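Structure record follows, encoded as structure tokens.
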Amino acid sequence: MFANIFITKPAKKLSASPSYNPTMRVSRILRGAAVCAVAVAASAIPIRALTRLPLHGQMHYQMGSADLYPASANAHEDIRQATLKAAAEHKNVLLIFGGNWCLDCHLLDLYFHDPGNASLLSANYVVVDVNIGEYDRNLDLASKYGIPLSKGVPALVVLDGAGHLLYAQRNKEFENMRVLDSAAVTRFLQKWKPRTIHKTTATHHAAK
């Protein structure tokens, strides 16, 4: 099942004024449309939603299953397996603490499925969605990685392939995704992706 949202430009041209910012208006429209699509998707499991926003070069976002946090998932084992996979593939592990009831969690997932972010995510991260239930599941993992769930979700953690903590969200950075956009997610993924070792440098050291 798909939900499509199309946004067209207003019929009347707004008069210019010092307080009117067209870029800000478009940004708010895009976020509003994304929130509406996520709300539809989050209302039924495992519905899939597709939101097409025909602004700025046919931009579109695609969200995966609304059942982001299956009740049957074993987060401890999932993290263990993800760490092994990350080590073998020279990636980092991205933990996303949240719940299916969390609108902002679904909106974050929507932005992760933006084509640019999706390729960045798959090339550099192994993702584990950590279900917090009704703030009564996997609390030990939140404590282990220093995540203050009292500040809300989604909350992100980045580990390296050895399981070492690289980043833990402690200041509500992604808790209110409704005021953020896809670019904020892109910046985060770029910042915390594994560092690349240049082949020329590696070859030089090997020669020694």
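The values are calculated or read from the model by the stated rules, or taken from the named source; none is laboratory data. Being a predicted model, the structure only gives us computed values, none of them experimental. Glycine gets a Cβ as well: all are built from the backbone with ideal geometry, and neighbour counts include every protein chain shown.
Observations on the model:
- All positions within the range 133-162 that are free of Cβ contacts under 8 Å to residues at least 60 places away in the same chain and hydrophobic (A, V, I, L, M, F, W, C): Leu139, Ala142, Ile147, Leu149, Val153, Ala155
- Residues of the range 97-127 that turn out to be hydrophobic (A, V, I, L, M, F, W, C), in a strand (DSSP E or B) and buried (at least 22 other Cβ atoms within 10 Å of the Cβ), as a count: 2
- Any hit, the range 186-196, residues being under 23 Å from Pro115 (Cβ atoms) and modelled with pLDDT under 95: yes
- Hits in the range 105-126 - residues which are touching a Lys or Arg at 6+ places or on another chain (Cβ under 7 Å) and farther than 23 Å from Leu165 by Cβ: Leu107
Residue by residue, here is whether (1) within 18 Å of Ala168 (Cα to Cα); (2) touching a helix residue (DSSP H, G or I) at 6+ places or on another chain (Cβ under 9 Å) holds:
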position: Asn92; (1), (2): yes, yes
position: Phe97; (1), (2): yes, yes
position: Cys105; (1), (2): yes, yes
position: Tyr111; (1), (2): no, yes
position: Ser119; (1), (2): no, no
position: Tyr125; (1), (2): yes, yes
position: Ile132; (1), (2): yes, yes
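- Thr83 meets all of the listed conditions (1) modelled with pLDDT under 95; (2) in contact with a strand residue (DSSP E or B) (Cβ under 7 Å, 6 or more places away or on another chain) but one, namely (1).
- The set of residues from the range 128-173 being touching a Ser or Thr at 6+ places or on another chain (Cβ under 8 Å) and in a strand (DSSP E or B) comprises just one member, Leu159.
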